[in-house]
Amino acid sequence: MALMTSDMYIESLRKLNMEVYLLGEKIENPVDHPMIRPSLNSVAMTYKLAEQPEYEDLMTATSNLTGKKINRFTHLHQNPEDLSKKVKMQRLLGQKTASCFQRCVGMDAFNAVYSTTYEIDKKYGTEYFNRFVEFLKYVQEEDLTVDGAMTDTKGNRGLSPSKQADKDLFLRIVEKREDGIVVRGAKAHQTGMINSHEVLVMPTQTMREEDKDYAVCFSVPTDTKGIKIIYGRQSCDTRKLEGGSLDVGNPKFGGHEALVIFDDVFVPADRIFMCGEYDFSGILVERFAGYHRQSYGGCKVGVGDVLIGAAALAAEYNGVERASHIKDKIIEMTHLNETLYSCGLACSYEGYPTEAGNYEIDMLLANVCKQNVTRFPYEITRLAEDITGGLFVTMPSERDLEHPEIGRYVEKYLAAVEGVPTKTKMKVLRLVENLTLGTAAVGYRTESMHGAGSPQAQRIMISRQSDLNHKKQLAKDILDIKE
Ligand code: SF4
Ligand code: FE
């Protein structure tokens, strides 16, 4: 098959039998649930754009494993050009969905697990690499969406996994059998889990010998027995249950995260890609995080493009688009947004080959990229709120606008410049609200802070990669200081 259409993708999810909970209820049909569906639509766009000839170059690639045309979200990057196309693809999807389209986590996990399993096998004579290659061929052939699962809930963060009062607070192997392993634990903040066919689990941090049961990497279908998915709330999420389209801000698209429980889940041997090789857990985490920090130089920029556009429209509808301070604020937002993109591209172009043959990003630049992402979307958001004006948080609802008696007052007194219907202006204001404070703010704002690692995680990497001794030597050379 190699490429699914977006309709085939949606139908393929109907066949899964995931155990999903939302607002305290078990959800039998997540595909059509009004709170979940917008996030599914976002992932479906990763299939839909791949069908369109104008996006073929960005959205598809040739598999190094099979030689076939595949969706780029299942690709192993083969050169710096692949890495930069990845970022461009993510910006495009951010622009088309104004939300998190979720499929990148799996892509970033594939590339990190591929190179790491190669190196584990080289050191220990294990068989993880070939197993992983077989698994990835299957993913490419079936064009699957895979949730990359890294973050454990971690309990007392001052204690290592095996020292926790409850040993399950980090996901671990609880039983080893001839034919596989049994795992128990949970993964938090799981982006797009309910829209994924498989979940590829990785360790959450560097592990030591006493924590080797926690150094585990594997993949299983998302409807495997024992996996329980608890949908995470988002600000303003129940507006999606109200039935209208204006107040949700972004009526078609969204993202989601979930708390995923692994309640004694069996993993067959051919799906295990790390099993106790604790000395490789840190490498795997670093590589996955590096790729995901690069990703943010694409997706957040695309969503930022929509927010800048919405703020500019709000200014236009209010008749202030020519004011010099408004123009300057738009320039500042653009400058910040393009700076993020520059970092995403720079770490791609400075990429280098791994021993396994796929391409790594430049770690220092990817971490600089993500460090900027922890700040700039907040400033872009601040400027968008400034330009838009306070009405985006005090405006009456769609039902008031449509009301037979009071609707005309809303229409009259919230009027925009002549020629622009009040409803159109309200839509744009709601989109700004959605991106800055509503459901999409999870992906655009708070995830900019914590996704792919919180700010301090990047500062540690920046410190490690900065090669300060080299810089000191440069100063000494200039001054002829000899020791
Ligand atoms: Fe992709 Fe961005 Fe969502 Fe991560 S936050 S899955 S990089 S769209
Ligand atoms: Fe993310």
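For the pair N130 and T334, a Förster radius of 30 Å applied to the C-beta separation gives a FRET efficiency near 0.05, rounded to the nearest 0.05. Normalising the average separation of contacting C-alpha pairs (under 8 angstrom, six or more residues apart) by the number of residues puts the relative contact order of segment 328-483 at 25 percent. In terms of the mean number of neighbouring beta-carbon atoms within 10 Å, the peptides 324-330, 126-132, 440-446 order highest first as 440-446, 126-132, 324-330. When K15, K370, K137 are arranged by Cβ crowding within 10 Å, least crowded first, meaning fewest neighbours, the order is K15, K137, K370. Within the shell defined by Cβ-Cβ distances under 12 Å, the residues around K85 carry a net charge of 0, with Lys and Arg each +1 and Asp and Glu each -1. Convex hull of alpha carbon positions in segment 214-265: directionally averaged projected area 5.3 nm². One Cα centroid belongs to segment 130-188, the other to segment 310-346; the line between them spans 42 Å. Judged by a Cβ-Cβ distance under 4.7 Å, the unpaired cysteines of the chain are C100, C104, C217, C236, C275, C299, C347. Packing, taken as the mean count of other beta carbons within 10 Å per residue, orders the peptides 207-213, 407-413 from highest to lowest as 207-213, 407-413. Here the simple spin-label model places points 7 Å from the Cα toward Cβ, and for D279 and E178 these points are separated by 3.2 nm. Between E56 and E379, the modelled label-to-label distance comes to 4.1 nm, taking each label 7 Å out from Cα in the direction of the beta carbon. Compared with the direct C-alpha span, the chain from K252 to N79 gains 58.8 nm at full extension, assuming 0.36 nm per residue. Structural descriptor for the chain: relative contact order 19 percent, calculated from alpha carbon pairs under 8 angstrom and at least 6 residues apart. Kirkwood hydrodynamic radius of the chain, from the reciprocal of the average inverse Cα-Cα distance over all distinct pairs: 23.5 Å. Applying 0.36 nm per residue to the separation of R14 and D264 and subtracting their alpha-carbon distance, the gain on full extension is 87.5 nm. Listed by Cβ neighbour count within 10 Å, with the fewest neighbours leading, D147, D270 appear as D270, D147. Between S324 and Q164, the modelled label-to-label distance comes to 5.8 nm, taking each label 7 Å out from Cα in the direction of the beta carbon. The packing ranking, built from the mean of other Cβ atoms within 10 Å per residue, places the peptides 395-402, 242-249 in the order 242-249, 395-402, highest first.
Near V139, within a Cβ-to-Cβ distance under 15 Å, what is the net charge of the other residues, with Lys and Arg +1 and Asp and Glu -1? It works out to a net charge of -1. Using a cut-off of 21 Å between Cα atoms, the listed pairs K15/K300; K88/K300; K252/K300; K88/K427; K86/K471; K176/K212 include K15/K300; K88/K427; K86/K471 as exceeding that distance.
We did not get these values from a lab; they are worked out from the coordinates using the rules stated. This structure is a prediction, so every number in the text was calculated from the model and none was measured. Backbone-built Cβ (ideal geometry, glycine too); neighbour counts: all protein chains shown.
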